[in-house]
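Working notes, structure below.
The values are calculated or read from the model by the stated rules, or taken from the named source; none is laboratory data. Quantities reported herein were computed from a predicted structural model and do not represent experimental measurements. Every residue, glycine as well, gets a Cβ built from its backbone with ideal geometry; the counts of neighbours run over all protein chains shown. The protein model used for the area step is the full one, side chains on, heavy atoms only, and it has no ligands, DNA or RNA in it. Shrake-Rupley method; radii C 1.70, N 1.55, O 1.52, S 1.80 Å.
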Amino acid sequence: MIYLLLGLYLFLLVLFYDVMHASRLHRFNFVLAYILMVALMTFRYRVGGDTLNYMSHFDYTTPQLYALRFFVSEKLQPIPAIIFSFCKTVFDDFTYVQAIFAVFVNAVIFNFFKKNTQYVFTAIFLYALTFYMRLNCEIMRESLAVSFFLLGYPYLMKHNYLLYYIYVTS
């Protein structure tokens, strides 16, 4: 039900701002849509196939930050391994892992839409319909790769391939 309400809200934003070209409270609704989408992915419980694996990995095999050994015992890539271990050390709750991923991934995507399209709310609405659940629930680690690609995209457009390559390979 809450997903339908979010979809309806985003559809109304498309009509109000992208179709009718209203400008009142544009920034407020942009930030509110971001907060709602992040909150929905932060406070979900056992939604997504890979989330169950990540939760199990977090509970049973993620080491504390001080005991983390890269490339030896950790099956995650370095950035997710650091995030998992940090959350295990400081909070010991998987919700914080979801929050960090949701905040970062959605911030990058929203910023990308803001900078690269005239119809921001249409892009957000289409993102919510197509990739939102997949990036935030199913492929959490891979969504970091998508985010770094989007961060490097301006350098690709400026033909600064070295900086683009640094973003994409990190």
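When region 50-68 is examined, which residues are found to be among the small types (Gly, Ala, Ser) and modelled with pLDDT of 85 or more?
Matches in region 50-68: Ser56 only.
Which one is farthest from Ala145 (Cα to Cα), of the residues in region 37-68 that are among the β-branched types (Val, Ile, Thr) and open to solvent by less than 40 Å² (accessible area, probe 1.4 Å)?
Only one residue tops the list, namely Thr62.
Looking only at residues that are open to solvent by 30 Å² or more (accessible area, probe 1.4 Å) and either part of a loop (DSSP other than H, G, I, E, B) or under 22 Å from Arg44 (Cβ atoms) (or both) in region 69-82, which one is modelled with the highest pLDDT?
Ile79
Taking only pairs six or more apart or across chains, which ones have beta-carbon atoms under 9 Å, a first residue in region 87-98 that is without any contact (Cβ under 8 Å) to a residue 24 or more places away in the chain and open to solvent by 10 Å² or more (accessible area, probe 1.4 Å), and a second residue that is part of a helix (DSSP H, G or I) and of a type in the set (D, E, K, R)?
Final answer for the pair search is none.
Quick one: in region 40-59, of everything that is in a helix (DSSP H, G or I) and among the aliphatic types (A, V, I, L, M), which residue is nearest to Ile83 (Cα to Cα)?
By that ranking, first place goes to Met55.
What are the pairs with Cβ atoms under 9 angstrom where one residue, in region 20-36, is surrounded by 16 or more Cβ atoms within 10 Å (Cβ to Cβ) and the other, located anywhere, is among the β-branched types (Val, Ile, Thr) and outside any helix (DSSP H, G or I)? Sequence gap at least six, or different chains.
Filtered contacts from region 20-36: no entries.
Report the residue count in region 110-164 for those that are of a type in the set (S, T, N, Q), without any contact (Cβ under 8 Å) to a residue 40 or more places away in the chain and in contact with a helix residue (DSSP H, G or I) (Cβ under 6 Å, 6 or more places away or on another chain).
Residues meeting the conditions: 1.
Pairs under 7 Å by beta carbon, first residue farther than 13 Å from Met133 by Cα in region 42-57, partner outside any helix (DSSP H, G or I) and open to solvent by 70 Å² or more (accessible area, probe 1.4 Å), six or more apart or different chains?
Here the result reads Leu52/Arg46, each pair linking region 42-57 to a residue that is outside any helix (DSSP H, G or I) and open to solvent by 70 Å² or more (accessible area, probe 1.4 Å).
Collect the residues in region 100-135 that are in a helix (DSSP H, G or I), open to solvent by 10 Å² or more (accessible area, probe 1.4 Å) and among the polar types (S, T, N, Q), keeping them in residue-number order.
Once the filter is applied, which keeps residues that are in a helix (DSSP H, G or I), open to solvent by 10 Å² or more (accessible area, probe 1.4 Å) and among the polar types (S, T, N, Q), region 100-135 yields Asn111, Asn116, Thr122, Thr130.
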